[in-house]
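Below is one structure; the comments refer to it alone.
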Amino acid sequence: QQPVQSPQAVILREGEDAVINCSSSKALYSVHWYRQKHGEAPVFLMILLKGGEQMRHEKISASFNEKKQQSSLYLTASQLSYSGTYFCGTDTGTASKLTFGTGTRLQVTL
Amino acid sequence: DAGITQSPRHKVTETGTPVTLRCHQTENHRYMYWYRQDPGHGLRLIHYSYGVKDTDKGEVSDGYSVSRSKTEDFLLTLESATSSQTSVYFCAVERENTGELFFGEGSRLTVL
């Protein structure tokens, strides 16, 4: 079952902050975050492991709440280059592979 | 970009015809994946491989088969294409020590 992402879409002005959430109904071993720009392939941002630390990629950080099977991606002081669709991928750690959410479309405007 | 190339990048075919998509990698990654991407569904796993001749099904494998006779090549075959298989197909490889996926540029398939 696919993880649920929220919101589905968000529009920001440059410099504003945003939070994207990813929630699973299953116990998770890790959560991945990817960003995809229009017409391009998804690009890896970060992995959060069970029991691991909060991760950061430039001004983007993420957290993983193992008890709630939830992860959040925090985009701080957004830039135009942050525009794209963000996907979380969840791994239950039982020889299964990543299951991706349906994505959150982020648009940053001037 | 992890040295991944997909071919063809674009293909238009008719219902009932066979189609093969190729994924080629140059960095010797053990794990390779085929995903399809459709509006409203995100990325869904079709099949994956964990070594030469070792493959397994993903969540949307019906109507697809795969083969991996060499480490560098992972082929996805639609035996008899249907309109519901119109999609963008992405190949990915996994960096084993980190779990990070690197995606190819995608193959856009249209089945008329």
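Could you work out how far apart the two model spin labels at B:Tyr50 and A:Lys26 are, taking each label as a point 7 Å from the Cα in the direction of the beta carbon, and quote it in nm?
With each label placed 7 Å out from Cα toward Cβ, I get 1.4 nm.
Can you list the equivalent-ellipsoid semi-axes of chain A, largest first and in whole Å, using the square root of 5 times each Cα gyration tensor eigenvalue?
Semi-axes (√(5λ), whole Å): 23, 14, 12.
Between beta-carbons, use under 14 Å as the cut-off and find the net charge around A:Ala77, counting Lys and Arg +1, Asp and Glu -1.
Net local charge, A:Ala77 excluded: -1.
Give the shape of the range B:4-111 as rounded, prolate or oblate, defined through the alpha-carbon gyration tensor: a ≥ b ≥ c are the square roots of its eigenvalues, a/c under 1.5 means rounded, and otherwise the shape is prolate if a/b is larger than b/c and oblate if not.
prolate
Order B:Val19, B:Val88, most accessible first, counting only protein heavy atoms with a 1.4 angstrom probe.
B:Val88, B:Val19
With every protein chain present, what accessible area does A:Asp17 have (1.4 Å probe, heavy atoms only), rounded to the nearest 10 Å²?
Near enough 100 Å² of accessible area.
Would you kindly compute the Cα radius of gyration of the protein assembly as shown and its largest Cα-Cα separation (Dmax), both in Å?
17.5, 51
What does the average come to when, for each residue of peptide B:102-111, you count the partner chain Cβ atoms lying within 10 Å of its Cβ?
Average per residue, whole number: 2.
With a 1.4 Å probe and every protein chain left in place, tell me how much accessible area B:Arg22 has, in Å² to the nearest 10.
B:Arg22 has an accessible surface of roughly 90 Å² with all protein chains in place.
Tell me the relative contact order for chain B as a rounded percent, counting alpha carbon contacts under 8 Å between residues six or more apart.
35
Would you calculate the separation in nanometres between label points at A:Glu53 and A:Arg105, each defined as 7 Å from the Cα along the Cα-to-beta-carbon direction?
Output for this residue pair reads 3.7 nm.
Label 7 Å along Cα→Cβ of B:Glu96; the range B:19-34 residues with amide nitrogen under 16 Å?
It comes to B:26-33, nothing else.
The values are calculated or read from the model by the stated rules, or taken from the named source; none is laboratory data. The structure presented is a predicted model; accordingly, all values stated were derived computationally and were not measured. Counting neighbours? That spans all protein chains shown, and the Cβs are built from the backbone with ideal geometry, glycine included. The protein model used for the area step is the full one, side chains on, heavy atoms only, and it has no ligands, DNA or RNA in it. Shrake-Rupley method; radii C 1.70, N 1.55, O 1.52, S 1.80 Å.
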